[in-house]
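Scroll down for the structure; my scribbles are underneath it.
The values are calculated or read from the model by the stated rules, or taken from the named source; none is laboratory data. Bear in mind the structure is a predicted one, so any value in this text is a computation, not a measurement. Quick reminder, even Gly has a Cβ in these numbers, built from the backbone with ideal geometry, and neighbours come from all protein chains shown.
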Amino acid sequence: MSDVTQTVITTGRAWCLGPNVDTDALAPGHAMSKGIEVIARHCLEDVRPEFSTQVQAGDCLVAGAGFGIGSSREQAASVLVTLGVRAVIAPSFSGLYFRNAFNVGLLLVTCPRATDVADGDALTVAIDPGDGVTVASAQLGPLEVSPIPDFLLRRVLLGGLLNELKELKLKENHV
């Protein structure tokens, strides 16, 4: 990540969910024929009905183990980006969801103590090219998180895989 020099920090509210939040809760099947803005309005409607209207840019989802289980629909990660969610913090993630999230620029942070975070707690999530990811809770202090490979952090900082590929293409054209 040597070419990314800026530390990105987000401070936002924790929206706490239970374990095994599936992709159908994030991007409900009944809305899948619509555009991403419409799908986003239905995000988590059966779990947290107020979520899509009250979430603010910079907020974070905090969940139990197994976040993102279910189908491989990319919209389940894209809706969170559309709504302004900067990170999802959980003890574990579905493998397919994990890859989809980073590809659309959504940071997923594996944190064994995620379920200790209280709903509404202020969280600070920082991505630093030298130090990786740090998460701090206003109530709990710093939380231990698993390391994330530099190439995935870079992808988040660039806003997803498409932006990363565009940057590579620009570099190729200027060589």
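Among the residues of region 150-167 satisfying the criterion of being within 25 Å of Pro91 (Cα to Cα) and charged (D, E, K, R), which is modelled with the highest pLDDT? The qualifying residue modelled with the highest pLDDT is Arg155. Residue count for region 130-149, restricted to those that are modelled with pLDDT of 90 or more, on the phi < 0 side of the Ramachandran plot and out of contact with any Cys (no Cβ under 9 Å at 6 or more places or on another chain): 11. Just one of (1) within 28 Å of Arg73 (Cβ to Cβ); (2) basic (Lys, Arg); (3) free of Cβ contacts under 8 Å to residues at least 24 places away in the same chain fails for Lys171. It is (1). Going by the conditions given, is Leu170 surrounded by fewer than 17 Cβ atoms within 10 Å (Cβ to Cβ) and at pLDDT 85 or above? The answer is no for Leu170. Taken over region 129-150, the criterion of being within 16 Å of the chain's Cα centre (by Cα), closer than 13 Å to Cys111 by Cβ, assigned to a loop (DSSP other than H, G, I, E, B) and not aliphatic (A, V, I, L, M) is satisfied by Ser146, Pro147. Restricting the first member to region 43-65 and to residues that are surrounded by fewer than 22 Cβ atoms within 10 Å (Cβ to Cβ), and the second to residues that are assigned to a helix (DSSP H, G or I) and of a type in the set (Val, Ile, Thr), the beta-carbon pairs closer than 6 Å and six or more apart or on different chains are Gly64/Thr115.
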